[in-house]
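The values are calculated or read from the model by the stated rules, or taken from the named source; none is laboratory data. Remember, it's a predicted structure, so these values are computed and weren't measured experimentally. A quick note on method: Cβ atoms are made from the backbone with ideal geometry, for glycine too, and the neighbour counts reach across all protein chains shown.
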Amino acid sequence: MFNNQSGVDDAAFRALYDETFTMLFRVARRITNSDEAAEDVVHDSYIKAVERWGIFPTRDDAKYWLIRVVKNNALNWIKRKGREQKVYQRYFKEMDAASESPEDEALKGELTHDMRRYLDKLPEKFRMVLVLKEYGLLNYKEIGRVMGIAEGNVKVRVFRAREALAAMMREDGNDVSRP
């Protein structure tokens, strides 16, 4: 994988890779809407990490740096491709062994489309905290570290983003109340 001349400890890099790949891929995938692009973005980010390996005092520093790089690279990928940035709904839970009816699948597809439309209307600062919270599964402190803002500011942005989504859904006649 890496030779000793690169200055990278194979075991340390492998541990970082194993810890972060799935989360980084999910974030990149939700931003780019493409498995191939997400994989490219994440792997390009790991290459940058290897090139800068010596600047990270801890694995956590490397992890948060990678999250920022993946986020920025994914946004740049969208700009390069000239596509409108898209952010997606919260993951659906794992499907039970029983298959869904065609009606259920159609409703789920409509919900997915509607949620994408609502999320696309949010300002970027709100979309990004939701991507990192809901798809990256990061906590508020981690999101603050990635975005360079205070944890309290992250909480406010997540709250406002969710409120804005609920308001848009109510305007369209969608019930957002919880049982």
Has region 156-171 got any residue that is part of a helix (DSSP H, G or I), free of Cβ contacts under 8 Å to residues at least 60 places away in the same chain and within 21 Å of ASP61 (Cα to Cα)?
no
Can you tell me which residue is farthest from GLY144 (Cα to Cα) among those in region 11-65 that are among the small types (Gly, Ala, Ser) and loosely packed, with under 15 Cβ neighbours inside 10 Å?
ALA11
Applying the selection to region 116-163, what residues are surrounded by 15 or more Cβ atoms within 10 Å (Cβ to Cβ) and among the aromatic types (Phe, Trp, Tyr)?
TYR118, PHE126, TYR135, TYR140
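Take VAL41 and decide whether it is among the aliphatic types (A, V, I, L, M), touching a Ser or Thr at 6+ places or on another chain (Cβ under 9 Å), modelled with pLDDT of 90 or more and not assigned by TED's automatic domain parsing to the domain that holds LYS125.
On the way: among the aliphatic types (A, V, I, L, M): yes; touching a Ser or Thr at 6+ places or on another chain (Cβ under 9 Å): yes; modelled with pLDDT of 90 or more: yes; not assigned by TED's automatic domain parsing to the domain that holds LYS125: yes.
Yes; evaluated as a whole, the condition is true for this residue.
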Could you list, in sequence order, all residues of region 17-28 that are without any contact (Cβ under 8 Å) to a residue 12 or more places away in the chain and either more than 16 Å from LEU138 (Cβ to Cβ) or of a type in the set (D, E, K, R) (or both)?
ASP18
